[in-house]
Structure formats: C-alpha cells, structure tokens
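Accompanying notes for the structure given below.
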Amino acid sequence: MSPSVVVLTGGVGGAKLALGFYDLVPKGRLSLIVNTGDDFEHLGLRICPDLDTALYTLSGRANPELGWGRANESWGFMKALAELGGENWFRLGDGDLALHVLRTQRLAAGERLSAVTAAFVRALGVRAALYPMSDDAVATMVASDDGELGFQDYFVRRCCEPRVRGLSFHGAERARLGGGAKAALAAPELAAIVIAPSNPYLSIDPILAVPGVRAALVAARAPVIAVTPIIAGKAVKGPTAKIMAELGLEPSPLAVARHYEGLIDGFVLDARDAALEARFSVPVWATDTLMTSLEDKQRVARAVLDFAARLAGGGR
Ligand code: FO1
C-alpha cells in the first residue's frame, strides 16, 4: 500500500500545507485531523470554520484574499441581513451559506459531524479524508483582560485585540476522537504525522486536548513533524506571535518546539532562523517555509516528507 500522511491542522496556514501534500501524496492517502474548537452557532447555523477552510482549499474553492470562505463569493445575504438590523460582524457569503445551512440541517437530523463532512468532501470531489477532531462539541474559550470570550468573539468580533491570559477547551475532556482519525493515526503505511504551521495555542492545542490524540502521536510508528508557524519572530498570518508574548513566551520557533516536546520527532524550521538550529532538542530541518504559490506549498510538503524519510531511516 502506498504511504499515507496525516496532518493536524487549524485554518489557513495548515490548509496551505495540506494543499501541498494533496498533490504530492497519492490520492486518498492524505488525512487531515481538523480543529473544531472554533466552531460555533451563529444565526441558528452550525459554523465549522477550519473544516470549511480545508474543504474549500482542497477542492480549489478557497477565497485567496480572505483566507476563509469561498472564491468569487457574493454578499447579498449579508447586505439584506444588515438592512434588517441583523448581526453582521461575522460574514457569511451567499455560496458559503449553503454549506452551513445543509450542515445544520443534517446535524439536526441526527447525523454526526464526521459523516456530514465526509458527504461534503465527496460532493466537492476532494480525494482526501477530512476528520473533525471529534464529533463531540469542544469550544475554545479565551481568558482575556476583558473576561472569558468565545473563540469567534475574540478572533473576529474583537479582532484578537484583548490581551490573552489563557485558553481552555470546554468539553475536550469528554470528547472522543473519531474512529477514522484514530485509524489514520495508527495506519501501518503512515509515512508522517505532520503538525501544520497553524497557531499552536488556538488551533493545535484543542486537537491535542482530545483524549487519545497525544497517546496516538507518541505511539505512532511514523515520525511526528511540526512545521514552524513563526518566522524571524513573526507569525506568517494571524495572532500567534501576539498571543505568545501575552502568554509570557518568546515568539520564537524554539518556544513552539518546546511546546510540542515529547510529541514530535522533528521540527521544520524556517531558513531565516537557521542560526537557532543547535538549540533544538529534536532533529531540525531548515528550509524556506513561506507558502505563497502552489509550488511553495508543494516544496514545503516535499521537504517534510524527505525529513520524515530521513528520521524513519535513522530509526527515531
Ligand atoms: N474570519 C474573519 O476574520 N471575519 C469573518 O467575517 C469570518 C467569517 C467566516 C465565515 C465562515 C467561515 O468558515 C470562516 C469565517 N472566518 C471569518 C474565518 C474564521 O472564523 C477564522 O479565521 C478561524 O476560525 C481561525 O482559523
């Protein structure tokens, strides 16, 4: 059987790397385990932003300007909503709305989120598995100077402005890792488990908080490799560096690798930070990790696979 790859991912940054793997790994051999701590109910609809970013990215429908939602979107619904005095701080495009309406309907009819997601994956012709980290509800809560905020309240409504004091993942202790994700992590043909360059605190930690995920990473025969979300002290996108500073951490790839200590067998560092190489406690591979073009995404994905092969050959 051809080798498979599992990617633990949040939103935009993770989806970019996943797209790099999508074209590299034989079709059907890529699995994403996706953060659902950002999910929330809005206007009566179930919104799963990271699952949708992954779905739109792998199906070639992602909005490249926004980083979320669909390309070539129209906004008639939002205009009409605002006219009627509805909440418009969280923007739902007309095409995107169809996904949220259908998902809400199917969940209300008793289907599991993993099954609904798999149906969308098939409908949009994606030949990879997209697993929500759990079918059970987990909500990322942000303890801030302005009190405890729901994730989207913090991230979108408040534009990540409040100072973060801590994060918690409500419901995680009771959440169960889905069967598909569990099987993907334990597959004998697995070549690598990749922790995407998503925000470690907001996007990856909720996945790691689901009971069984950490143990599955430790037990995996394939190397576990994290890709840096920090380049030269800055996040490529989003509030990773700001949150690290607020949590009293130096915004550096070293701190990220330390955060994953005990779980990872290797760390992909950006070439701009190559001077830090000797200070890591796991093997490091330095490369240009900025992913703008499709070629960049494939290049980084290839580097991760080469690194995984080297680590596997070296007998971890
Ligand atoms: N992010 C924004 O910054 N503003 C929005 O209005 C917004 C709407 C939105 C709608 C659907 C969806 O799937 C995602 C959306 N996002 C929006 C992105 C999203 O909430 C965050 O980027 C993620 O939760 C973080 O990964």
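Bear in mind that the values in this text are calculations on the coordinates, not laboratory data. Predicted, not measured: the structure shown is a model, and the values here were computed from it. Please note: Cβ atoms are built from the backbone with ideal geometry, for glycine as well, and neighbour counts cover all protein chains shown.
Can you give the FRET efficiency for Asp306 and Arg221, using 1/(1 + (r/R0)^6), R0 = 25 Å, r = Cβ-Cβ distance, to the nearest 0.05? Numbers along the way, then the final one.
Working: r = 18 Å, r/R0 = 0.73.
E(calc), rounded to 0.05, equals 0.85.
Please give the calculated 222 nm ellipticity per residue for the chain, where each DSSP H segment of at least 4 residues contributes -39500 (n - 2.57) and the sum is spread over every residue; nearest 500 deg cm²/dmol?
-10000 deg cm²/dmol
Which peptide among 161-170, 4-13 comes first, and what is the full order, when sorted by highest mean count of other Cβ atoms within 10 Å?
Details: 161-170: 16.5, 4-13: 26.6.
Going from most to least packed, we get 4-13, 161-170.
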Could you tell me which residue out of Thr140, Gly95, Ala129 lies farthest along the dipole of the range 55-143 toward its positive end? Charges go on the beta carbon: Lys and Arg +1, Asp and Glu -1, centred on the Cα centre. Ala129
Order by neighbour count: Leu102, Leu113, fewest other Cβ atoms within 10 Å first, most last. Leu102, Leu113
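Fewest to most neighbouring Cβ within 10 Å: what's the order for Ile33, Ile225? The partial results should precede the final answer.
Numbers: Ile33 28, Ile225 24.
Placing the least packed residue first, the sequence is Ile225, Ile33.
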Relative contact order of the range 65-175 (C-alpha contacts under 8 Å, at least 6 apart) in percent is 19 percent
The range 134-277 pair-distance distribution - Cα-Cα, 10 Å bins, rounded %: 11, 37, 35, 16, 1
Quick note, the range 251-316: a/c under 1.5 would make it rounded; otherwise a/b > b/c is prolate and the rest oblate (a ≥ b ≥ c, C-alpha gyration tensor); here it is oblate
Collect residues whose amide H, placed 1.01 Å from N in the peptide plane, falls under 5 Å from the amide H of Ser144; neighbours closer than 5 in sequence don't count. Leu149, Arg165
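Express as a percent, rounded to the nearest 5, the fraction of DSSP beta bridges in the chain (both residues included) that run antiparallel. Let's see the in-between values first.
Values: 17 of 41 bridges.
The antiparallel fraction comes to roughly 40 percent.
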Sorted by packing (mean other beta-carbon atoms within 10 Å per residue), highest first, where do 69-80, 17-28 land? 17-28, 69-80
Ordered by residue, what ³J(HN,Hα) values in Hz, to whole numbers, does the range 28-36 give under the Karplus form 6.51 cos²θ - 1.76 cosθ + 1.60, where θ = phi - 60° and Gly and Pro are x? x, 9, 10, 10, 10, 9, 10, 4, 10
Where in the range 53-87 does the label zone of Asp94 land, with the point 7 angstrom along Cα→C-beta and an amide N cut-off under 15 Å? 70-82
Along principal axes, Cα extents of the chain, largest first, whole Å: 62, 46, 39
